[in-house]
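Quick notes on the structure that follows.
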Amino acid sequence: GTSRALSVGSPTDPGGYVSIAHGKPGLIYDSTNSRIVHSGIYTGANCKATAGTISGSAGSGTITWGSPITLQSGTSRYSGLAYDSTNNKIVCKWTAQSNSNDADQKACVLTTSSSDNSLSAGSVATTTNQASYSTDLGQIEAGNGIFMTVYPRGTANGSGKGTTLTVSGTTVTWNTSGEGQWGNHTSKYMRVIYDTNNNNWQVFSNANSGG
């Protein structure tokens, strides 16, 4: 086969991001406005998002970040991002810790600018379909004009659940009436992708707590 060399540009900091062990950051590329968008949990358990631009040639590129915006102050965990390239919509989803077993989930629409690295957020929508916040809850993907998120069910039950979200303008809505569930317990580390050939969602998860 043909070999491909990988060259790496300079690392940059998106506005003081600190994980504090609350899940992996979210990262997407907005192809309409040529902006990269990052979400994460910062010091103080604040959920924030930042937009940036990529510049430079191969092997020497860099990212210039704008100022982070705060989506939730305190008690935040596990953020994730998805980009619907068909409708040019970005959704950020995160978990709002409520107690040791259950956590509300929240989401909002993010909008980039074509002229600078500013970022704006629509109103925050909350679902009370709670999830156990002890595992990675940042999974959200876009496909066929809608968004899909998967998570272990709350109250320490752990059954896998999936919920779709729809966007109109800068408003996101949780479609809780169409929520799906699978498995009996201990579903962890779930991932979801959209199958464009068969027009459906594929979900993968660890079926037990041991591996």
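Considering the range 71-82, the residues that are under 20 Å from Lys24 (Cβ atoms) and either open to solvent by 40 Å² or more (accessible area, probe 1.4 Å) or basic (Lys, Arg) (or both) include one that is nearest to the chain's Cα centre (by Cα), namely Arg77. Where the second residue is at pLDDT below 80 and among the aliphatic types (A, V, I, L, M) and the first is open to solvent by 40 Å² or more (accessible area, probe 1.4 Å) and lies in the range 148-169, which pairs have Cβ atoms under 8 Å and are six or more apart or on separate chains? These pairs meet every condition: Arg153/Ala131. Tell me yes or no: at least one residue of the range 53-64 is of a type in the set (Gly, Ala, Ser), at pLDDT 85 or above and in a loop (DSSP other than H, G, I, E, B). No, the range 53-64 has no match at all. Condition check for Ser115 on (1) closer than 27 Å to Val8 by Cβ; (2) open to solvent by 60 Å² or more (accessible area, probe 1.4 Å): one failure, at (1).
Suppose the filter is within 19 Å of the chain's Cα centre (by Cα) and either part of a loop (DSSP other than H, G, I, E, B) or at pLDDT below 90 (or both); does Tyr17 pass it? Against the criterion (within 19 Å of the chain's Cα centre (by Cα) and either part of a loop (DSSP other than H, G, I, E, B) or at pLDDT below 90 (or both)), Tyr17 qualifies. In the set Lys106, Lys93, Lys24, only one residue is open to solvent by 30 Å² or more (accessible area, probe 1.4 Å) and modelled with pLDDT of 80 or more; that residue is Lys106.
Residues considered: Thr135, Thr112, Thr128. Of these, the only one that is modelled with pLDDT under 80 and closer than 22 Å to Ser168 by Cα is Thr128. Across the range 51-66, the qualifying residues are those that are out of contact with any strand residue (DSSP E or B) (no Cβ under 7 Å at 6 or more places or on another chain) and hydroxyl-bearing (Ser, Thr, Tyr), and the one among them that is surrounded by the fewest Cβ atoms within 10 Å (Cβ to Cβ) is Ser57. Only a single item in (1) open to solvent by 50 Å² or more (accessible area, probe 1.4 Å); (2) modelled with pLDDT of 75 or more is not met by His185, and it is number (2).
The values are calculated or read from the model by the stated rules, or taken from the named source; none is laboratory data. From a predicted model like this one, the values you see are computed outputs, not experimental measurements. Note: ideal-geometry Cβ built from the backbone for every residue, glycine included; neighbour counts use all protein chains shown. Quick note on the areas: whole protein, heavy atoms, side chains included, nothing else; ligands and nucleic acids left out. Shrake-Rupley method; radii C 1.70, N 1.55, O 1.52, S 1.80 Å.
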